[in-house]
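Readers should treat all values here as calculations from the given coordinates under stated rules, not as data from a laboratory. For clarity, every value in this text was computed on a predicted model and none was experimentally measured. Reconstructed Cβ throughout: ideal geometry from the backbone, glycine too, with neighbour counts over all protein chains shown.
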Amino acid sequence: MEITPRRQAIHCCHHINHKTTPITMKMSIMNSKGSSIMNKILHHHHHHHQRAHSITDEEVAKKEQNKHSRVGNKDVPRQSERLVTSEAFLMQHRTQEEEAKARAKDKDIHKQHPKTRDAVHPTPEEETRTAHHPMSHISSIRPGAFREGGSDGSNPDLSLHDGDIEQGIVPPSFHEPTIEAHVVDEALEQERYDRLYDDLEKVRGELSAANKEPVMVSATRLKSCKERIYSLFFNRQFVFLVGGCVALAMVISTMVKRTEPSPPVALPHLLPFLNSISPDGGVALSDMNTPQFRAATWLAGNTNLANMSNRTKIQRYALATFYYSTGGDQWFTKYKWLTDSNECEWYNTKWSKGWESNSSGIRMFCSNEDDGDLEMIFLQGNNLHGQVPLELSLLSNSLVRVDLREGYLSGTFPEALLRLSSLQWLELTLNPLLTGPLPTELGKLSAMKFLGVGRLGGEKGGLPSELGLLTGLETLGLEGNDHTGKIPSELSLLTALKELYLESNSFTGTIPSLRLPYLEKLHLNENLLIGTIPTELGLLRALEEVALQNNSLTSTIPEALGLLTNLKDLYLDSNKLTSTIPSAVVSLSHLEHLSLHKQMLNGTIPTEFGLATSLTEVALFDNMLSGTVPTELSGLRLLEKLKLHNNSLTGAIELDGDTCPPAPLVVLTADCNEVKCCCTQCCDILFKPECI
């Protein structure tokens, strides 16, 4: 019989050797579902074996005669003409008398044909042990008898090749159990191979459909072929146990598998309304993966949806979209967010001065205590990520305060915030992922009183002149944005401005003339400003803080600064100022911090220092001051830091007190070779490293 690829492809591989004529079997165990399918195959084999035994005595005699005539021939037939089959297929359902006759006949064959002497027969103990086993027809397999095929390199048509494993003909890593063989009719053997091939193909198809990938078990993992067959194929209890476990695992995996919940019933009725109010005309709502669709799905599941007013629906939808857009699941504080509770009861993060607070944070205020239009949102430092959605602009008629500072908002300046026409307070400071220049549309927020957009990311360029349109603005914070260009003169139009923070940028040019009668805090430090300090600053009588340090300002300190009777902090250090220290400046009674160090100031220390009784810190080091240290400094009872080193001063620093230095003084530096003092640091010119 010619060995066809179809015959080689079956998982039970028969390997014929010239000397021993063994049949090598390789079986693949696919999974527990194979138990029932294997039963079908066994039943199919039982049916064929019954047909084989239905052959008449005359036909059997004729076949035996043909066998003897072929075996008696000294010429060995071609390997493709030698037909073999396992004794397992011939021994099934024989009576004890038939089995005895068969064994006797086998002995005759073995005597006449020495090539079959290596075939293995079961011992009487094995036959007795397996006589009543449902698979007793294969009991002739000897445990542990494994061969790798012909040892002499013969049998090229049927022996395993290196490419067989890659081609999927046989699984890798196995040893084949040797089974006794008998020569039979070619047509009958071909028919059995065809039927077995069809059955195995059917098994593979069913298992593939059920499991996508069959599970292969190599024969080498068992101690013997008989143990492998008995334990994995013919032990029905084991098969049923494994099958039950696999079925249970599949049920459990199906139960725990995460699936998307079904949309609420009310969603189809809610979507048309939300589409009609959406800033983008409902485009985002058409995508199930957007924050807008998730918010709509959540809103549709609200238990009180049927009784909600349109205002409440819009308000809750806008907040839910904001929640999903900014990574609400990772917020630090989200107490009551996206619950059936009234949105006015949803809480925020940290306490802010002047606003209601408790242990849970600050509550978002509505126009009424428990209901009404949402007016304020506080989410400072709440780990916000992503972008502010346009849907927040749906609250433009009510939202007056938004605090989103110290977060990780990304993209350019949020367009939704530019549409909040009623917005009075906007705080976005310390969102380093917000990039791009400030939009000119900020000038349209005419109700704005507080604008904090400092320490954002990216290059910001110059300030838009449209900021001058915010005539009601009281606080403008643009620090740390790396703004460039000149400070726009339009800032003088902000007549209501009280606090101006432009430090830590790259502004160039001179300080503009600022006619801001209510200005209290002016921070222009750490820029690239040049020129002189405008004398007009003396007209800003409300000033309390002036910070111009770390620039390149020149000339003198204006005497007009002595008119700032409310001045508390004056920082002019690290510039290129010359001349003397004005007496009018150091005599300000409310002055607390005076920093004039690292300049080119000369002259003496004014005795009027004694009048500045509120001083707590004075820094005059690294200048060209001379003369004696005025004794009037001893009258500064609140002084904590006094730094006079790296000058040309003489005399002594006499301060009242029993300690050294006297309390509350904690820092006292001087050139100890020239000035006698109870100093914390002695800083001569040649001993600078110790100076701070």
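Cα centroid separation, the range 627-653 to the range 394-428: 50 Å.
Translational diffusion of the range 559-692, estimated by Stokes-Einstein from the Kirkwood radius over alpha carbon pairs at 20 °C in a medium of 1.002 mPa s, is 146 µm² per second. Counting Lys and Arg as +1 and Asp and Glu as -1 over every other residue whose Cβ lies under 15 Å from the Cβ of T578, the net charge comes to -1.
Of the peptides 550-556, 594-600, the order by per-residue mean of other Cβ atoms within 10 Å, starting with the highest, comes out as 594-600, 550-556.
Phi angles of the range 514-524 translate, via the Karplus equation with coefficients 6.51, -1.76, 1.60 and θ = phi - 60°, into HN-Hα couplings of 10, 9, 10, x, 9, 5, 10, 10, 10, 10, 10 Hz per residue; Gly and Pro are given as x. Binning every alpha carbon pair distance of the range 407-469 at 5 Å from zero, what are the percents per bin? For the range 407-469, the binned pair fractions read 4, 18, 30, 29, 17, 3 percent.
The alpha-carbon atoms of the range 374-434, seen along their principal axes, cover 28, 18, 14 angstrom, with the largest extent given first. Other residues whose C-beta falls under 12 angstrom from the C-beta of G301 contribute a net charge of +1, scoring Lys and Arg +1 and Asp and Glu -1. Once you have the Kirkwood Rh of the range 477-623 from its Cα pairs, apply Stokes-Einstein at 4 °C and 1.567 mPa s and quote D in µm²/s. D = 84 µm²/s. When the C-alpha to C-alpha distance is required to be over 21 Å, the pairs from K498/K568; K643/K676; K521/K643 that qualify are K521/K643.
Coupling constants for the range 614-631 follow from the phi torsions by the Karplus curve (6.51 cos²θ - 1.76 cosθ + 1.60, θ = phi - 60°), and in residue order they are 8, 5, 10, 8, 10, 10, 10, 6, 6, 10, 10, 6, 9, x, 8, 6, x, 5 Hz; glycine and proline get x.
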